[in-house]
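Data block below; observations after.
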Amino acid sequence: SFSMYHFQSSGINAEYGEMVHRKRRLKVIEEMESPRIFKTHAYYDECKFLSAENNCKIIYVYRDPKDVVCSLFDHASLIGRKHVVGDDIQEFAKQFAQRKEVSRNEGGPGDWVEQNEGYMSNPSNYNILFIKYEDLKAKTGEIVSKINNFMGYPTLTKDEEDQVVEASSFERMKIMHNELAGKTVGKTGNYKSHLSQESIEALNQNVLELMNKIDDSQFNIGVYLHQ
């Protein structure tokens with residue numbers, strides 16, 4: 001079965017409250033019929049219930065931290081979490097780059113370097129398909145086929161692939177959710193219109209830090225320094 005833990009922080013600070021929340025999530029998963037598919041923002045160390053032997057598969061999407069900051073800053077206002085990111089995107093970018101942002105246990109985004117390092121180093125040898133968000137946007141059909149093959153599903157026809165691409169588009173999401181109209185969520189390179197040069201340089205240091213912790217030949221995050 002394909003299982004991923006859909007973990008959303010409850011905003012509860014207490015360790016006990018967080019533990020109860022996670023157990024409830026796991027109970028929901030256990031009660032679902034296999035194959036089970038979940039989306040998650042969970043850290044690698046929160047996926048200990050997985051194993052390389054139980055046929056679980058993980059699709060991990062990573063993204064330029066500069067665009068992550070802009071998307072998260074915008075998204076927070078949509079879901080009533082503006083208190084997590086504040087009112088000044090440059091200040092939030094500074095905190096994000098310094099890895100001092102609100103912790104994951106308090107409902108914040110956590111640490112971009114730590115999050116990516118966990119999955120990219122993959123010490124538990126999970127079966128992971130890595131997808132760069134920018135590739136997902138630039139060549140969506142190709143990535144859809146790659147995901148389909150990774151999942152072991154029958155090969156898609158071109159028409160089926162096109163249907164998946166259209167149904168998964170951000171434009172379709174905006175039709176389904178009026179509150180997304182005019183929002184920047186989902187765009188690549190959006191940071192160029194929102195972040196100062198100082199913020200960009202600070203976030204690029206995160207990229208360099210991660211590159212020093214992983215083998216970047218597989219992930220090519222170095223391009224984030226120049227695009």
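The values are calculated or read from the model by the stated rules, or taken from the named source; none is laboratory data. Keep in mind that what you see is a predicted model, and the values were worked out from it rather than measured. Cβ sites come from the backbone with ideal geometry, for glycine too, and all protein chains shown count toward neighbours. Ligands, DNA and RNA are excluded from the accessible area calculation, which covers all protein heavy atoms including side chains. Shrake-Rupley method; radii C 1.70, N 1.55, O 1.52, S 1.80 Å.
Descriptive notes on the structure:
- Applying the criterion of being touching a helix residue (DSSP H, G or I) at 6+ places or on another chain (Cβ under 8 Å) and either of a type in the set (Val, Ile, Thr) or modelled with pLDDT under 75 (or both) to the residues of region 18-39, the residue that is least open to solvent (accessible area, probe 1.4 Å) is GLU18.
- In the set (1) surrounded by fewer than 19 Cβ atoms within 10 Å (Cβ to Cβ); (2) at pLDDT below 90; (3) farther than 28 Å from GLN197 by Cα, the condition left unmet by THR140 is number (2).
- Restricting attention to region 98-124, the residues that are assigned to a loop (DSSP other than H, G, I, E, B) and modelled with pLDDT under 90 total 12.
- Members of region 196-220 that are open to solvent by 40 Å² or more (accessible area, probe 1.4 Å), assigned to a loop (DSSP other than H, G, I, E, B) and under 17 Å from ARG99 (Cβ atoms): ASN212, LYS213
- Set TYR126, TYR153: member being exposed (fewer than 14 other Cβ atoms within 10 Å of the Cβ), more than 16 Å from the chain's Cα centre (by Cα), under 20 Å from ILE37 (Cα atoms) and of a type outside the set (Val, Ile, Thr): TYR153
- Considering region 40-56, the residues that are surrounded by 14 or more Cβ atoms within 10 Å (Cβ to Cβ) and within 16 Å of the chain's Cα centre (by Cα) include one that is modelled with the highest pLDDT, namely TYR44.
- Search result, residues across region 184-195 that are among the small types (Gly, Ala, Ser) and open to solvent by less than 20 Å² (accessible area, probe 1.4 Å): GLY186
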